[in-house]
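Encoded as structure tokens, the structure appears first; notes follow it.
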Amino acid sequence: HKEFISHAYPMKHITAVNHMQKTAWKVNEPLLEFTNDCIRLGLLSEHLPRSTPLPVPVFDETGTEEDKQNWKVDCKRIHGINKQNTCELIVLRQSTSVARELGTKAFYFPYTCDFRGRIYSASTVLNPQGPDPIKGLLQFRDGKPLGESGVYWSAVNIANKYGYDSVSYDDRVKWVF
């Protein structure tokens, strides 16, 4: 057993996972309320799923066979979008529900490793590796200043989010500032 651990996961890796599991989290309550309001009011954002499905177009019986085929393609596309949106909305509602239940309490995430050594949160609904609206509901309980390195890597992430990701890290930071 010890032989497997030493070959598959070096002690530094195990120590890092243990450190992650000891990190306390809390719910970002202002963002939770904002997210709940957006869902309830049906406010659209490119990062939040719609609270109502897209309407399916009605076929005009006087159309040609080509019009009918185009209508079928549009209907299939819209049904696919609505299905994906429904799944995302369910996950978001589950996550906000769990976040509401946690309230102001500190909580921790268990992590697992795959055979390549990649680390994943074992929590399936609310976790720091989920979609952006779900990650945004979380914050470290014991926040600390970013420092120079943290500001640098935050700027890199901001540039990445805006699609400015095919240049060097330093150029991304310059683009942000």
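Once you have the Cα-Cα distance between I119 and D37, take 0.36 nm times their residue separation minus that, and quote the gain in nm to one decimal.
Taking 0.36 nm per residue and subtracting the Cα distance, the gain is 26.2 nm.
Can you list residues from other chains, or at least 5 along the same chain, whose modelled amide H is less than 5 Å from the amide H of L138?
HN-HN under 5 Å from L138: N28.
Can you show me the helix-derived [θ] at 222 nm for the chain, built from DSSP H runs with n ≥ 4 at -39,500 (n - 2.57) apiece and divided by the number of residues, rounded to the nearest 500.
-17500 deg cm²/dmol
Taking the Cβ of D142 as the centre, find all other residues whose Cβ is under 13 Å away and add up their charges (Lys, Arg: +1; Asp, Glu: -1).
Value of the local net charge: +4.
Residues with beta-carbon under 14 Å from that of K76, excluding K76: net charge, scoring Lys, Arg +1 and Asp, Glu -1?
After counting each charged neighbour, the total is +3.
Please go through the stretch 63-110 and write out the trypsin sites (Lys or Arg not before Pro) that DSSP classes as loop and that have at most 14 other C-beta atoms within 10 Å.
Passing both the DSSP loop test and the Cβ count: K105.
Exceeding 25 Å between C-alpha atoms, which entries from my cross-link table qualify? They are K26/K83; K72/K161; K83/K135; K12/K105.
In this structure, K26/K83; K72/K161; K12/K105 lie more than 25 Å apart at Cα.
At what distance in nm do the modelled label points of Q84 and T104 sit from each other, each positioned 7 Å from its Cα along Cα→Cβ?
The answer from the label model is 4.0 nm.
Give me the accessible area per residue for the chain, probe 1.4 Å, as a whole number in Å².
With the other protein chains kept in place, the chain gives 72 Å² per residue.
Relative contact order for the stretch 8-93: what percent, with Cα pairs under 8 Å and sequence separation of 6 or more?
Once divided by the residue count of the stretch 8-93, the mean separation gives 26 percent.
Would you list which lysines come within 20 Å of K68, measuring only between C-alpha atoms, while excluding same-chain residues fewer than 8 positions from it?
K76
For every other residue with a beta carbon closer than 15 angstrom to the beta carbon of L48, add +1 if it is Lys or Arg and -1 if Asp or Glu, then tell me the sum.
-1
Could you give the length gained on full extension between S51 and K68, defined as 0.36 nm per residue of separation minus the Cα-Cα distance, in nm?
3.2 nm
Return the carbon/sulfur percentage of the accessible area of the chain, one whole number, probe 1.4 Å, all protein chains in place.
Using a 1.4 Å probe with all protein chains present, the chain comes out at 57 percent carbon and sulfur.
The values are calculated or read from the model by the stated rules, or taken from the named source; none is laboratory data. Quick caveat: nothing in here was measured; it's all calculated off a predicted structure. Every residue, glycine as well, gets a Cβ built from its backbone with ideal geometry; the counts of neighbours run over all protein chains shown. Ligands, DNA and RNA are excluded from the accessible area calculation, which covers all protein heavy atoms including side chains. Shrake-Rupley method; radii C 1.70, N 1.55, O 1.52, S 1.80 Å.
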